[in-house]
Amino acid sequence: MSGFLAKAAAGCLVVAALCGCGYHTSGHADLLPKRIKSIAVPAFGNNTMRYRLSGSLPQAIGREFIGRTRYNVVADPAEADAVLNGAVLTYAYYTTTVQNGRASGIEMVVNLQVSLTDRSTGKVLFSRPNMEVRERYEIAADQRAYFEESDIALERLSRSVARSVVSAVLENF
């Protein structure tokens, strides 16, 4: 019977060790200092001709922080514990598929510069000088059914960038 108890105790130790190993699922860690309670996301800089994208990113990132984290998103950087600054460095799109001599699939690629700074200390908590995010969309093959999809795709790209930025900030990678 004591052999059984020893094996049971060893099993409990293994389970306890696995539970405390720091394993977590992607997108759910939060490696920011606990004193950070609020984050401001001011307007992004833009080095491209796609002004709608840089204009929609702060709002999309703010919604993502609110939806996935405990942080308050504030409008005024002077009232925030941390400030997320960013800039759209490049924006490009490429044909990925061709059907009947016509583009039917497009991939958009955006490169960003993003950093999160602790306002009280000035310490950079997160920095990604060249973050790349991609989004793909389809173009209707039938010209009679065609409508401009790039604006909708830009909205999806904004949401995709927001998810990527928030995950990267939270997990610091």
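Some values worked out for this structure:
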quantity	calculated
Footprinting exposure proxy for 115, 164, 158 (fewest neighbouring C-beta atoms within 10 Å first)	115, 164, 158
Neighbourhood charge, 9 Å Cβ-Cβ cut-off, centred on residue 163 and excluding it, Lys, Arg +1 and Asp, Glu -1	+1
Potential lengthening between residue 107 and residue 172 on full extension [0.36 nm per residue; Cα-Cα distance subtracted]	20.7 nm
Inter-site label distance for residue 96 and residue 35 at 7 Å from Cα along Cβ, in nm	4.4 nm
³J(HN,Hα) computed for each position of the range 104-111 - Karplus, 6.51 cos²θ - 1.76 cosθ + 1.60, integer Hz, glycine/proline x	10, x, 10, 10, 9, 10, 10, 10
Packing-based exposure ordering (other Cβ within 10 Å, fewest first) of 64, 135	135, 64
Mean Cβ neighbour count within 10 Å, used as a protection proxy, ranking 47-53, 34-40 highest first	34-40, 47-53
In Hz, Karplus ³J(HN,Hα) per residue of the range 154-163 (6.51, -1.76, 1.60; θ = phi - 60°; x = Gly, Pro)	5, 5, 4, 4, 4, 5, 5, 4, 4, 4
5 angstrom amide H check on residue 126, placed H, neighbours 5+ away	116
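Just so you know, all these numbers are worked out from the coordinates, no wet-lab data involved. Since this is a predicted model, take the numbers as computed values, not measurements. Using ideal geometry, Cβ is built from the backbone for each residue, glycine included, and neighbour counts are taken over all protein chains shown.
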